[in-house]
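What follows is a short report on a single structure.
No value in this document is a laboratory result; all are computed from the given coordinates. This one's a predicted model, so the numbers in the text were calculated from it and none came from an experiment. Positions of Cβ are backbone-derived with ideal geometry, glycine not excepted, and every protein chain shown enters the neighbour counts.
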Amino acid sequence: MQVYVGSDHAGFPLKTIIVSWLKDQEGIQLEDVGTHSTESCDYPTIAHDLAARIVDCGDGALGVLVCGTGLGISMAANRHPGIRAAVCTDSFSARMARAHNNANVLCLGQRVVGSGLALEILNTFLSGTFEGGRHGRRVELIEPV
Ligand code: RB5
């Protein structure tokens with residue numbers, strides 16, 4: 001599974017923990033798109049870079065984006081057709097984001113969730129599956145015509 005990870009400066013510490021955890025998981029091809037320090041940067045730039053890579057890659061690639069709240073970075077990522085970025089602060093939402101919304105990007109807030117909860121949410125997100133059926137039609141309707 002191809003997984004892209006990115007954050008702004010506010011999410012950098014949590015991204016570091018996530019990257020380290022992902023490296024220990026089997027079957028994950030990981031790409032860290034930055035940022036690479038706590039020096040101030042703009043979350044939309046990272047979100048657009050990661051979103052474009054997922055769209056280009058296709059083939060079930062997933063992304064993880066971290067900023068202070070998860071909000072700004074999700075808003076930017078969701079401007080890309082084909083990207084369904086979900087801000088999750090609990091595991092149930094992470095499971096449903098995959099099962100019903102076929103989310104392909106998980107957004108986390110470094111200032112909202114602790115690292116233990118963040119990794120549990122991420123694990124749930126990565127192991128989730130899309131249920132399809134009626135949800136497939138609804139997900140298709142998300143894209144503006
Ligand atoms: C940066 O201070 C903060 O605004 C950003 O990380 C994010 O939370 C925006 O939504």
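A few notes on this one:
- Charge dipole magnitude, Cβ of K and R +1, D and E -1 - region 22-77, Cα centre, debye nearest 20: 140 debye
- Square roots of 5 times each gyration tensor eigenvalue, C-alpha, region 91-145, largest first, Å: 24, 13, 7
- Inter-probe distance in nm under a simple model that places probes 7 Å from Cα toward Cβ, at Ser91 and Glu26: 2.1 nm
- Considering region 53-92 at the alpha-carbon level, its Rg and Dmax are found to be 10.7, 29 Å.
- Scoring 23-31, 117-125 by mean Cβ neighbours within 10 Å over their residues and listing the highest first yields 117-125, 23-31.
- Computed with the Debye formula from one identical point scatterer per Cα of region 21-145, without solvent, the log10 of I(q)/I(0) at q = 0.10, 0.19 Å⁻¹ comes to -0.29, -1.11.
- Residues whose amide H lies under 5 Å from that of Ser7, counting only those 5 or more places away or on a different chain, are Gly34, Thr35, Val66; hydrogens are built 1.01 Å from N in the peptide plane.
- Long hydrophobic helices in the chain: the complete DSSP H runs spanning 20 Å or more by Cα along their own axis with mean Kyte-Doolittle hydropathy of at least -1.0 are 43-57.
- The Cα atoms of region 78-118 give a gyration tensor whose axes a ≥ b ≥ c have a/c of 1.5 or more with a/b no greater than b/c, which makes the shape oblate.
- Fully extended contour minus Cα-Cα distance, from His135 to Thr45, at 0.36 nm per residue: 29.3 nm
- Whole-Hz ³J(HN,Hα) from phi, Karplus 6.51 cos²θ - 1.76 cosθ + 1.60, for region 27-42, glycine and proline x: x, 10, 9, 9, 9, 9, 8, x, 6, 10, 6, 8, 5, 4, 8, 9
- Using C-alpha pairs below 8 Å separated by at least 6 residues, the relative contact order for the chain is 23 percent.
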